[in-house]
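The values are calculated or read from the model by the stated rules, or taken from the named source; none is laboratory data. No experiment lies behind these values; they were computed from the predicted model shown. All Cβ positions, even for glycine, are placed from backbone atoms using ideal geometry, and neighbour counts span all protein chains on display.
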Amino acid sequence: MRAIRISRTGGPEVLETVEIDTPRPGPGEILIHNQAIGLNFIDTYHRTGLYPVKLPSGLGMEGAGEVVEVGEGVTRFQAGDLAAYASGPIGAYAEFHVVKAERAVKPPAGLTAQVAAAALLKGMTAEFLLRRCFPVQPGQTILVHAAAGGVGSILVQWAKALGAVVIGTVGSADKAARAHELGADHTILYRDQDVSAEVRRITDGVGVPVVYDSVGAATFEASLKSLARRGMLVSYGNASGPAPAILPARLSQLGSVFLTRPTLFDYVATTEDLDASASALFDVIAKGQVRIDIGQTFPLAEARAAHEAMEGRETVGASLLIP
């Protein structure tokens, strides 16, 4: 089968298309013929070495396709089922991928493999951020960075379904228009405007109870300064580089604020949590409260171009690799 591999860390140029043996599922595992593979910023962290992986390595955590073989003891799936996965093991950038049956989910009837692959990792991330990490309440005003991006676009829609007022930061006028279409009540051009000053203006000086920040270094300070007293900064990504270190005393000086750095994997650590998160996501999709927009697709062999587009902030919505 064809797969994307890296033998060293670095820029998009380290991605190589290779021919390797098709894997076989072991006990408790399933073999999935990928029909679509989700592109996520965590893939670039593995590629660069920000999140270390053992080399040589595959890339990719998310995909969806047909189950073509089940291992011993598997009852959760059978051959012919559509399965989607978003929590590894790493190596989804391939025509076939083996995953543990207990770490995959069955999308509901009518949901395509492409939508499932575009939705699952980003959508479950939005689910735990909004419903469990900081449970957003109706009427609260929240700040979402990268509001037109993959996770951000889902956060905006889901937060509106929860009754929140959403302030979204974006990098261009086009992305501001997109964020408004998704439901954002206010947008801030973070390259041109003082984000925290705009947040204070919009909230009559109070600030917001929560900031969802996937950007990292470039927005971290503005995020802290946008918080209301006892607010929470949820830092869940590093699109512009890792957020800087902070002294604990600074949190008290800003109004007894909270800082957390959660990962999806800790919120779907059990099969029960995984199923509940995916079910909540599929429910809001089915109700039309969250629309999954696939902004761009790339052939599997063009993974390098896909990474260049992601890191160049040239993508909108979800991006997919198609084997």
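Here is a list of conditions, (1) surrounded by fewer than 19 Cβ atoms within 10 Å (Cβ to Cβ); (2) under 20 Å from His145 (Cα atoms), and Ala269 meets all of them except one; can you say which number that is?
(2)
Of all residues being of a type in the set (Gly, Ala, Ser) and closer than 29 Å to Tyr45 by Cα in segment 191-215, which is modelled with the lowest pLDDT? Just the residue, please. Show your work before the answer.
Just the residues of segment 191-215 that are of a type in the set (Gly, Ala, Ser), to begin with: 196-197, 205, 207, 214.
Applying the additional criterion that residues be closer than 29 Å to Tyr45 by Cα yields 196, 214.
On the way: Ser196: 98, Ser214: 94.
Across segment 191-215, the extreme among qualifying residues is Ser214.
Is it the case that some residue within segment 148-159 is modelled with pLDDT of 95 or more, outside any helix (DSSP H, G or I) and buried (at least 20 other Cβ atoms within 10 Å of the Cβ)?
Among the residues of segment 148-159, not one is modelled with pLDDT of 95 or more, outside any helix (DSSP H, G or I) and buried (at least 20 other Cβ atoms within 10 Å of the Cβ), which makes the answer no.
When both residues are 6+ apart or on different chains and their Cβ atoms are under 7 Å apart, which pairs have a first residue that lies in segment 189-205 and is within 18 Å of Ala146 (Cα to Cα), and a second that is assigned to a helix (DSSP H, G or I) and aliphatic (A, V, I, L, M)?
These pairs meet every condition: Leu189/Ala176; Val195/Ala222; Ser196/Ala222.
Taking Asp275, is it free of Cβ contacts under 8 Å to residues at least 40 places away in the same chain and either part of a helix (DSSP H, G or I) or among the charged types (D, E, K, R) (or both)? Walk me through it before giving the result.
Details: free of Cβ contacts under 8 Å to residues at least 40 places away in the same chain: no; either part of a helix (DSSP H, G or I) or among the charged types (D, E, K, R) (or both): yes.
So Asp275 fails the test.
Any idea which residue in segment 21-47 is surrounded by the most Cβ atoms within 10 Å (Cβ to Cβ), counting only those that are touching a Lys or Arg at 6+ places or on another chain (Cβ under 8 Å) and part of a loop (DSSP other than H, G, I, E, B)?
Asn40
Let me spell it out: the conditions are (1) within 22 Å of Leu130 (Cα to Cα); (2) loosely packed, with under 13 Cβ neighbours inside 10 Å, and Pro244 meets all of them except one. Which number is the exception?
Only one criterion in (1) within 22 Å of Leu130 (Cα to Cα); (2) loosely packed, with under 13 Cβ neighbours inside 10 Å is unmet by Pro244, namely (1).
Using the structure shown, decide if Gly28 is over 22 Å from Met310 (Cβ atoms) and either at pLDDT 95 or above or out of contact with any helix residue (DSSP H, G or I) (no Cβ under 9 Å at 6 or more places or on another chain) (or both). Outline the logic, then answer.
Values: over 22 Å from Met310 (Cβ atoms): yes; either at pLDDT 95 or above or out of contact with any helix residue (DSSP H, G or I) (no Cβ under 9 Å at 6 or more places or on another chain) (or both): yes.
In short, yes.
Just checking, does segment 12-22 include any residue being under 23 Å from Ala101 (Cα atoms) and not polar (S, T, N, Q)? Can you show your working first?
So in segment 12-22, the residues under 23 Å from Ala101 (Cα atoms) come out as 20-22.
Checking the rest, the ones that are also not polar (S, T, N, Q) come to 20-21.
Yes, segment 12-22 contains at least one residue that is under 23 Å from Ala101 (Cα atoms) and not polar (S, T, N, Q).
For Leu111, indicate whether it is in contact with a helix residue (DSSP H, G or I) (Cβ under 8 Å, 6 or more places away or on another chain), of a type in the set (A, V, I, L, M) and not in a helix (DSSP H, G or I). Talk me through it step by step, then tell me what you get.
Details: in contact with a helix residue (DSSP H, G or I) (Cβ under 8 Å, 6 or more places away or on another chain): yes; of a type in the set (A, V, I, L, M): yes; not in a helix (DSSP H, G or I): yes.
Judged against the criteria, Leu111 is a match.
Test each condition in (1) modelled with pLDDT of 95 or more; (2) in a strand (DSSP E or B); (3) closer than 30 Å to Glu62 by Cβ for Arg229 and report the one that comes out false.
(3)
So is Ser256 of a type in the set (S, T, N, Q) and part of a helix (DSSP H, G or I) or not? Working first, answer last.
On the way: of a type in the set (S, T, N, Q): yes; part of a helix (DSSP H, G or I): no.
In short, no.
Among Gly163, Gly139, Gly216, Gly207, which is the only one that is crowded, with 20+ Cβ neighbours inside 10 Å, of a type in the set (Gly, Ala, Ser) and closer than 30 Å to Val268 by Cα?
Values: Gly163 fails: crowded, with 20+ Cβ neighbours inside 10 Å; Gly139 fails: crowded, with 20+ Cβ neighbours inside 10 Å; Gly207 fails: closer than 30 Å to Val268 by Cα.
None of the other options fit; the residue is Gly216.
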